[in-house]
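Read the structure below first, then the notes.
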Amino acid sequence: MTMWQRSSHGHQVHPQRPPISVDLDGATPLLTLLRSELGLTAAKYGCGTEKCGACMVLIDDEPTYSCTREVGTLAGRTVTTLEAWDAMARCTRCSRR
Ligand code: FES
């Protein structure tokens with residue numbers, strides 16, 4: 001899970017660990033931030049036009065195309081990538097409950 005908050009210094013990111021800040025133009029596609037800046041590569045670039053779904057993430061639990069979603073629109077929103085689901089699947093303590 002990744003939470004975004006906009007600040008005067010850019011976009012702060014809270015991926016269930018200490019917040020990090022990134023300095024990107026608000027028009028940068030979310031997919032670019034995830035893959036190039038954060039190394040979260042589960043979402044892929046396919047068509048870039050909201051047709052294939054390779055870039056799908058959840059924003060506040062709603063399926064969203066990250067290839068066209070601009071990072072400047074994510075203030076206060078929660079972004080969930082497939083990496084979060086993978087981490088939950090590997091959590092043996094969680095699966096025993
Ligand atoms: S890359 Fe195809 S829908 Fe985003």
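The values are calculated or read from the model by the stated rules, or taken from the named source; none is laboratory data. Here the structure is a predicted model, which means the values were calculated and not measured. As a convention, Cβ positions derive from the backbone with ideal geometry for all residues, glycine included, and neighbour counts pool all protein chains shown.
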task: Could you grab me the full set of residues in region 72-87 that are among the polar types (S, T, N, Q) and touching a helix residue (DSSP H, G or I) at 6+ places or on another chain (Cβ under 8 Å)?
output: Thr81
- prompt: List, please: which pairs have Cβ atoms under 9 Å, are six or more places apart or on different chains, and start with a residue in region 39-53 that is over 18 Å from Ala84 (Cα atoms) and in a loop (DSSP other than H, G, I, E, B) and end with one that is of a type in the set (D, E, K, R) and within 8 Å of the ligand (Cβ to nearest atom)?
  reply: Cys52/Lys44
- prompt: Residues of region 56-65 being more than 10 Å from the ligand (Cβ to nearest atom) and of a type outside the set (A, V, I, L, M), which ones?
  reply: Asp60, Asp61, Glu62, Pro63
task: Out of the residues in region 66-84 that are within 15 Å of the ligand (Cβ to nearest atom) and more than 19 Å from Leu24 (Cα to Cα), state the one that is surrounded by the most Cβ atoms within 10 Å (Cβ to Cβ).
output: Thr81
All positions within region 1-60 that are touching a helix residue (DSSP H, G or I) at 6+ places or on another chain (Cβ under 9 Å), at pLDDT below 55 and surrounded by fewer than 13 Cβ atoms within 10 Å (Cβ to Cβ): Gln16
